[in-house]
Amino acid sequence: MPADSEATTRKNRSTMWGGLSFWSALTLLCTLWLVPVRTAPCHTCRKLAESFLKGLERTANKNFGGGNTAWEEEKLAKYARSETRLLEIVETACEESDFDCNKLLEQIEDQVETWWFHRQEEAPDLSEWLCDDQLRLCCPPGRFGAHCKECPSGLGGVCGGLGRCEGEGTRLGDGECVCDPGYSGVLCGDCADGYYREKSVNGSSGACAACFHACKKCSGPEDYKCLECKAGWILHDNKCVDIDECGTELSRCPSNTYCHNTDGSHDCRGCDQSCVGCMGSGPARCKKCARGYKLQGAKCLDVDECSERALACPGLNEACINEVGSFHCDCADGFIRRDSICVENKAPVGPEKGLFDDMTDDEVLVLQQMFFGVVICALATLAAKGDMVFTAIFIGGVAAMAGYWLTEKGDYMLDGIMKGR
């Protein structure tokens, strides 16, 4: 066998119990090494054994998969019992997120290897061999508790076939029967309260069926076949009649609530907001009117303080706003509150207008032309005195003004002449 293949096999064996990754194994070793195996629940062990057997089925038709399978099987033993196959199964036995499964798998290395190499043929049921016999986490069906005692059984099986044994299949529980709905007793052979025994076709005892909802015991499903009533009801002519707790001393409702009768019971409900104490729902059942309300006829109705009080809001420029059971004061229209006083809401004063802010565009244009004309006249006067510099400036200014009028303003003037302006 090549040296690298042998090294790989040894490496796989050393990491076989590391879960799905090195870090998973490291975490489990650091945090769970000292946790007793017996603390693992039975269902975790059963689930692990089931997953392991599925891995057996999945790898049943595989081999080593190397370049020389015949040589490897001859040197390393058959793949069916090989450590290579065991590694493949273990690596997928637990989901990476299943903490309990990985914890248990880390702790039972010796047991799994023992079963794999030495006990498969004599103990093919891995769950029974591992979970029941070796780890003692589970019990066989029909047994419970630390010593796997027998569950109570009857003609129909465990708990008469009408319930389950508490702790069955595990090392926990007290073995008492937890009966199906409608049944009671040690072996679930009796009908529970609210149920009666039906008669079968051949006259033998039948199943337990529900009574009328108010009956604790009955002889049939009808409301007139009650033998005993549930709490909140009273038996009258074989019928269970509701007790009105609100008409007796049975009700104890806190202040500002009233008693409301229900089938077989009662509850306490809050009074209307207009009441201080009440005998029922609404403003007509008040014992006394709350503040902000007054009795009008048979009802406690809201008081309009704004109309009844001459000075409900004594502040200057205040207006009264009525509310249900109360009122509040606010500033009148056109006023706002500043420093607890209602003052006139004046528009903010803007900056002062400039000298030309109110002038139209045409007025501004005329003013510009007048200014330009004054400048041209001054230049013409200087030019008349023979100054060549001012003569050149004058000629340039006249040319610029002529060009301005002949382009933009020229069209404007021509259009005005054509329209008779």
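In the context of the full protein assembly, CYS177 retains an accessible surface of approximately 30 Å², using a probe radius of 1.4 Å and ignoring ligands and nucleic acids. Pairs with C-alpha atoms separated by more than 27 Å, drawn from the list LYS149/LYS216; LYS199/LYS239; LYS54/LYS78; LYS47/LYS149; LYS54/LYS103; LYS239/LYS287, are LYS149/LYS216; LYS239/LYS287.
In the context of the full protein assembly, MET370 retains an accessible surface of approximately 120 Å², using a probe radius of 1.4 Å and ignoring ligands and nucleic acids. Only alpha carbons enter this Debye calculation for the range 172-249, each as an equal point scatterer, and the log10 of I(q)/I(0) it gives at q = 0.19, 0.22, 0.26 Å⁻¹ is -0.81, -0.94, -1.11. Dividing the convex hull volume of the alpha carbon atoms of the range 189-294 by its residue count gives 117 Å³ per residue.
If you sort LYS78, LYS216 by accessible surface, 1.4 Å probe, largest first, the order is LYS78, LYS216. Kirkwood analysis of the Cα pair distances in the range 76-130 returns a hydrodynamic radius of 12.2 Å.
Surface listing: LEU311, LEU187 arranged by accessible area from highest to lowest gives LEU311, LEU187, probe 1.4 Å. Ligands, DNA and RNA left out, the accessible area of the range 77-144 computed with a 1.4 Å probe is 43% carbon and sulfur. Reported to the nearest whole Å, the Cα centre-to-centre distance from the range 204-279 to the range 81-101 is 60.
A crude spin-label estimate for the pair LEU172 and ALA332, with each label 7 Å from Cα along the Cβ direction, gives 7.9 nm.
If you sort PHE327, PHE52 by accessible surface, 1.4 Å probe, largest first, the order is PHE327, PHE52.
Note on the range 161-299: with neighbouring protein chains present and a 1.4 Å probe, carbon and sulfur make up 50 percent of its accessible heavy-atom surface. Extension gain, LEU295-ALA231: 0.36 nm per intervening residue step, less the Cα-Cα distance, totals 19.0 nm.
The values are calculated or read from the model by the stated rules, or taken from the named source; none is laboratory data. Every value quoted in this text rests on a predicted model; they were computed, and no experiment measured them. Please note: Cβ atoms are built from the backbone with ideal geometry, for glycine as well, and neighbour counts cover all protein chains shown. Side chains included, ligands, DNA and RNA excluded: accessible areas come from the protein's heavy atoms. Shrake-Rupley method; radii C 1.70, N 1.55, O 1.52, S 1.80 Å.
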